[in-house]
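What follows is a single structure, written as structure tokens, with notes after it.
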Amino acid sequence: MSGILKTFRHELGRIFALKAIFSTLFVAALIYAVYYPQPYRNEALRDVPIAVVDLDGTTASRELARRLDASSDVAVAMALPNLATAEREVFKRTLSGAVVIPLHFERDLLHGRASPISLYSDASYFLINSRVAGAVNTVARSYGTEVETARLIGLGVDPAVAASATSPMPLVSIPLFNPQGGYATYVLPGAFTIIMQQTLLIAVCLLATIAGMPGVAGQSIPNVGATATVLGKLAAYLAVAALLVPFYFIVLPYFYNIPRLGALGTIALLALPFVLSVSALGMVIGLMLRSPLTVQLTAAALGMPLFFLSGFSWPIEAVPPVLRAVAQLIPGSMAITGMTQVVEMGASIDDVRVQFLGLWALAAGYTLLAILLEWRRQRRQAARSALA
């Protein structure tokens, strides 16, 4: 126990003494907290500029254009005479799309015939394209339903029957856990988990490779066994995480107005195996690489693969089975799902028991591997000392 305590104090001192480690854990957290969420502050795209090419020029076509402009998702920035002009504006990126209302639009509607409108949108921006398409589709369906209902009522059909005939299955959409339907609410909890994993992983790897510096002790304390060394270091990383976890999963969600239904105890309980597994994995990588430069190059090379394998930017179900199995070895892959459910949805530990137990399994496995590698390192160091 004394060896664990000595190592704990030793490693905690190194974390705050080494500028590279302190910057990675704390300064980077502040930078990411301010910088990363900025593109998502507005939650959802609003008033995307589009053009309307009205080839009909009737009351019905003007009403459709007015309703498009009144939509919260798109704004009619230009009324253009033809498609060629609209195409030039889209190519110049002045507009994100153009809606073409065909000739005889009103006449066909009044005669009960289909009168399709055309949408040309910039699909190179996925979010903008889906937002524009969704807004135009919603407005067109709603307006078409109203016109058809009014036509049937004019023919003498009972209003209730006419309404049910044009819209037999009306949909009422209730977005749970994300009432604004915003992108920030979806992306930021997972992003904060990935950021914490990446910064903690890099810091622990560097600690395992940076030797003693002037005024700073070396990597380990003499005459302390491998098990005590690893457990003492893990305790130091947990102490640091006691400051980082509330910042990432309580303060930042509150600051960015992300739904917060999770209990503090549940968040801490799930964060415990997450921090241990990431820290132990960092120790394993650091003990294997043994060079700060190699650690930095490896971290830069693995950043994007770990990001995509986490299931954060691409559904994990769509990942090939082999890569999906590899993803289960990454703590963040399990922690993203678990933390999102706990923080945003108020899930209990029993609700995320698969992720909770999986993180504990990773923590135990990586800790045992770190002890083995540390034992081998100490043995080699003792052999070199004996020869000297």
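The values are calculated or read from the model by the stated rules, or taken from the named source; none is laboratory data. Everything numeric here is computed off the predicted structure, so don't read it as measured data. Please note: Cβ atoms are built from the backbone with ideal geometry, for glycine as well, and neighbour counts cover all protein chains shown. For accessibility, only protein heavy atoms count, side chains too; no ligands or nucleic acids. Shrake-Rupley method; radii C 1.70, N 1.55, O 1.52, S 1.80 Å.
Annotations
- The chain, Cα convex hull volume normalised per residue, Å³: 177
- Here is the P(r) of region 1-150: all C-alpha pair distances, binned every 10 Å from 0, give 10, 29, 20, 10, 8, 9, 8, 5, 1 in whole percents.
- Accessible-area value, residue 237, 1.4 Å probe, nucleic acids and ligands omitted, Å²: 10
- Candidates 348, 177, 111 compared by Cα position along the dipole of the chain: farthest toward the positive end lies 348, with charges placed on Cβ.
- In Å², nearest 10: area of residue 6 left accessible to a 1.4 Å probe: 120
- Peptides 346-353, 168-175 ordered by average Cβ neighbours within 10 Å, highest first: 346-353, 168-175
- Estimated purely from DSSP H runs of n ≥ 4, each contributing -39500 (n - 2.57), the mean residue ellipticity at 222 nm for the chain is -21000 deg cm²/dmol once divided by its residues.
- Under 17 Å from the residue 376 label point (7 Å along Cα→beta-carbon), backbone N, region 228-245: 230
- A Förster radius of 41 Å, combined with the Cβ-Cβ distance separating residue 293 from residue 178, puts the computed FRET efficiency at roughly 0.45.
- If R0 is taken as 45 Å, the Cβ-Cβ distance between residue 108 and residue 38 corresponds to a FRET efficiency of 0.45.
- Relative contact order %, the chain, counting alpha carbon pairs below 8 Å whose residues are six or more apart: 19
- Compared with the alpha-carbon gap, the fully stretched path from residue 84 to residue 165 is longer by 25.3 nm at 0.36 nm per residue.
- Taking label points 7 Å from Cα along the Cα-to-Cβ direction, residue 254 and residue 46 give a separation of 2.6 nm.
- Extension gain for residue 325-residue 351 works out to 7.2 nm (0.36 nm per residue, less the C-alpha to C-alpha distance).
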